[in-house]
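One structure below.
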Amino acid sequence: MGEHVEVGGKVEKRWTRRKDARPAEIVAAALDCFAERGFAGTRLDDVARRAGVTKGTVYLYFPNKEELFKAVVRETLLPHLDRVLGGLEGTPEDPRERIRQAFDFLSGKLLGTPLAVIPKLVIAEAGNFPEIARFYLDEVVGPVRAFLADAIHRGVELGHFRAVDPDHAFYTLIAPLLLAALWQNSLGPHDDRPLDGAAMIRQHLDIVFRGLAPEAPAPGRKERLP
């Protein structure tokens, strides 16, 4: 009789599963293993066992653990990122609302889900696995940085924001999302005061937008005509 494995809550015989479903099952298993054991602590044997396939099957689709991690990011995180950044490009006109909608979407898809472990993995393993760090910078950080910097630049042009360096302001904007993701997978499970990451981000954006607002003329001071 064929070996039985659990897939999507259903028990199936390994040989009855569709071959084209295996890569997705391996990626899902890898995300679970990375979340539980970290990148360095995860072995391809662990992933194979979780996916209900042989180690040789994993190697058939992914030549090494680094490529498997890249597949996890491309298959689970990047589709959400592409959807929100592409959908909000140029709309709405108010860059503040564009930034708010982007963070609402990203925090909803990231925080409180297994995907939140990915930033922690990259930060923890960047020194030992520089290829992963460069990949994450190119595929994830780069598009987000370009989107937010463009929104800030546009806000300055429209007069919504005072003149600031968009590249520096990007780090200020992204910090709470990163903190919430790291907290969820480190101190959060041991804290008796749960962090509401989405609420923290909303409050942070309110503070940032107030700080970015153009300075009002001093009382009694008349604007100098050109």
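Please state which one of F135, F147 is modelled with pLDDT of 95 or more and among the aromatic types (F, W, Y). So that I can check it myself, show each step before the final result.
Values: F147 fails: modelled with pLDDT of 95 or more.
The unique qualifying residue is F135.
Tell me which residues, restricted to region 153-178, are closer than 21 Å to A198 by Cα and of a type in the set (A, V, I, L, M, F, W, C). Lay out the reasoning, then the answer.
Start the filter on region 153-178 by keeping residues that are closer than 21 Å to A198 by Cα, which leaves 169-178.
Hits for region 153-178 are A169, F170, L173, I174, A175, L177, L178.
With a requirement of 1 or more residues that are touching a residue at least 40 places away in the same chain (Cβ under 8 Å) and of a type in the set (K, R), the helices (runs of 4 or more DSSP H) lying completely within region 45-130 that satisfy it span 65-72, 95-110, 117-125. When we screen G142, G108 for residues that are of a type outside the set (A, V, I, L, M) and either touching a helix residue (DSSP H, G or I) at 6+ places or on another chain (Cβ under 8 Å) or farther than 30 Å from T42 by Cα (or both), the only hit is G108. Taken over region 118-153, the criterion of being in contact with a Phe, Trp or Tyr (Cβ under 6 Å, 6 or more places away or on another chain) and either outside the structural domain of N185 (by TED's automatic domain parsing) or of a type in the set (D, E) (or both) is satisfied by E125 alone.
Please determine whether any residue of region 181-189 is modelled with pLDDT of 95 or more, part of a helix (DSSP H, G or I) and within 22 Å of L110 (Cα to Cα). Lay out the reasoning, then the answer.
Let us first name the residues in region 181-189 that are modelled with pLDDT of 95 or more, namely none.
No, that holds for no residue.
For V156, the criteria (1) out of contact with any helix residue (DSSP H, G or I) (no Cβ under 7 Å at 6 or more places or on another chain); (2) outside any helix (DSSP H, G or I); (3) surrounded by 16 or more Cβ atoms within 10 Å (Cβ to Cβ) hold in every case but one, which is (2).
Using the structure shown, decide if I118 is surrounded by 19 or more Cβ atoms within 10 Å (Cβ to Cβ) and farther than 17 Å from G38 by Cα. Walk me through it before giving the result.
Numbers: surrounded by 19 or more Cβ atoms within 10 Å (Cβ to Cβ): yes; farther than 17 Å from G38 by Cα: no.
Here the answer is no, as I118 does not meet what is asked.
Output the residues belonging to region 29-71 that are touching a helix residue (DSSP H, G or I) at 6+ places or on another chain (Cβ under 7 Å), farther than 19 Å from T113 by Cα, of a type in the set (A, V, I, L, M) and surrounded by fewer than 20 Cβ atoms within 10 Å (Cβ to Cβ). Result: A40, L44. Need pairs with beta-carbon distance below 6 Å; first residue among the hydroxyl-bearing types (S, T, Y) and within region 189-203, second at pLDDT below 90; sequence gap 6+ or separate chains. So the pair list comes out empty.
Among the numbered conditions (1) free of Cβ contacts under 8 Å to residues at least 12 places away in the same chain; (2) farther than 19 Å from F69 by Cα; (3) part of a loop (DSSP other than H, G, I, E, B), the only one that A146 does not meet is (3).
The values are calculated or read from the model by the stated rules, or taken from the named source; none is laboratory data. Every value quoted in this text rests on a predicted model; they were computed, and no experiment measured them. FYI the Cβ positions are ideal-geometry reconstructions off the backbone, even for glycines, and counts take in every protein chain you see.
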